Amino acid sequence: MSEEQCTHDCNTCGSDCGDRQETDFSVAPHPMSQVKRVIGVVSGKGGVGKSLVTSEMAVTMRRRGAEVGILDADITGPSIPKAFGLTEKAIGSENGIYPVRTKTGIDVMSMNLLLENETDPVVWRGPVIAGAVKQFWSDVIWDHKEYLFVDMPPGTGDVPLTVFQSLPIDGIIIVTSPQELVSMIVEKALVMAQMMNVPVLGIVENMSYFKCPNCDDIYHIFGDSKIDEIAAANHIPVLAKVPIDPEIAKKVDAGNIEDYDGTWFDQAADVIEAL
Ligand SMILES: Nc1ncnc2c1ncn2[C@@H]1O[C@H](COP(=O)(O)OP(=O)(O)OP(=O)(O)O)[C@@H](O)[C@H]1O
């Protein structure tokens with residue numbers, strides 16, 4: 001780039017010139033935290049089951065005996081506490097903020113654990129939301145966690161970008177459902193991960209099909225799945241195809257996700273264990 005064109009601010013300039021200097025946006029964890037692996041769970045749009053996949057991944061790793069946490073970075077639509085039936089509030093001390101523990105021993109931090117009423121909306125602008133996510137990493141005591149799953153807000157906006165820049169993400173899982181414009185959404189997530197230098201562990205297709213409980217026939221309610229072709233074209237594995245299961249919705253609504261005994265996430269858990 002020529003001297004005249006240079007703004008001297010590499011953060012606002014897309015040019016890949018020789019003088020480029022990357023700024024380190026990483027945020028230090030709480031001094032009492034020890035987290036071995038941070039796994040982000042992302043989706044192109046809301047409502048595809050990203051929180052369900054985050055919760056089930058945590059439950060699966062916990063069943064395998066791991067120490068697990070969930071950082072709910074979906075500040076304006078936090079649904080993790082509900083799935084685990086958490087009503088207790090997170091408490092702080094002069095040391096920092098303590099996450100709330102679920103009945104099987106998963107530590108959770110979520111905006112809903114700080115609000116007086118879980119129905120209170122969070123009416124904040126992007127930078128304030130991004131700041132809250134950073135604090136969930138820097139001010140919360142994540143004590144001896146082998147795996148911390150981060151439920152990202154949907155899309156590729158300000159907050160996911162902040163999470164990618166601030167937290168040491170070891171890999172992401174992309175969640176889609178068949179009715180989405182899957183190929184475009186997967187590619188957007190892949191490009192973002194590539195730009196942020198974060199490995200993509202694979203794709204989970206949620207609400208993939210419905211199996212009739214009476215005749216075992218399989219129905220593709222949202223259309224035929226194209227996930228295998230998309231995954232192959234992008235050289236990433238399909239980690240799970242999760243059916244529409246009324247039992248999942250029932251368990252989530254009752255706050256009993258830890259009692260759901262589907263085995264859909266075993267392959268994804270193997271991939272994470274091998275990291
Ligand atoms: N495979 C499934 N079978 C039945 N119900 C499901 C399934 N997956 C998700 N659900 C239900 O769909 C709803 C949305 O799921 P979830 O909250 O995980 O989506 P999300 O992508 O995290 O949404 P948002 O981004 O808006 O927070 C929940 O009520 C959940 O219980």
| remark: Residue pairs within 7 Å by beta carbon, gap of at least six or interchain, first lying in region 62-88 and touching a residue at least 12 places away in the same chain (Cβ under 8 Å) and farther than 18 Å from Ile141 by Cβ, second open to solvent by 30 Å² or more (accessible area, probe 1.4 Å) and assigned to a loop (DSSP other than H, G, I, E, B), listed first then second, are Arg62/Thr104; Gly77/Gly46; Gly85/Asn256
| query | Within region 136-183, can you find the residues that are open to solvent by 30 Å² or more (accessible area, probe 1.4 Å), touching a residue at least 60 places away in the same chain (Cβ under 8 Å) and of a type in the set (Asp, Glu)? | reply | Asp139, Asp143, Glu146, Asp170
| task | Run down Ser26, Ser33, Ser15 and say which single residue is modelled with pLDDT under 90, out of contact with any Pro (no Cβ under 8 Å at 6 or more places or on another chain), away from the ligand (no atom under 15 Å from the Cβ) and assigned to a loop (DSSP other than H, G, I, E, B). | result | Ser15
| Given region 52-157, what strands (runs of 3 or more DSSP E) lie entirely inside it while holding 3 or more residues that are within 16 Å of the ligand (Cβ to nearest atom) and under 30 Å from Met195 (Cα atoms)? | 68-72, 145-151
| In region 207-228, is there at least one residue being touching a residue at least 60 places away in the same chain (Cβ under 8 Å), open to solvent by less than 50 Å² (accessible area, probe 1.4 Å) and either among the basic types (Lys, Arg) or within 14 Å of the ligand (Cβ to nearest atom) (or both)? | no
| message | Which condition from (1) within 16 Å of the ligand (Cβ to nearest atom); (2) under 28 Å from Lys36 (Cα atoms); (3) at pLDDT 90 or above; (4) surrounded by fewer than 19 Cβ atoms within 10 Å (Cβ to Cβ) is the one that Ala240 breaks? | response | (4)
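The values are calculated or read from the model by the stated rules, or taken from the named source; none is laboratory data. No experiment lies behind these values; they were computed from the predicted model shown. All Cβ positions, even for glycine, are placed from backbone atoms using ideal geometry, and neighbour counts span all protein chains on display. Note: accessible area is taken over every heavy atom of the protein model, side chains too, but ligands, DNA and RNA are not part of it. Shrake-Rupley method; radii C 1.70, N 1.55, O 1.52, S 1.80 Å.
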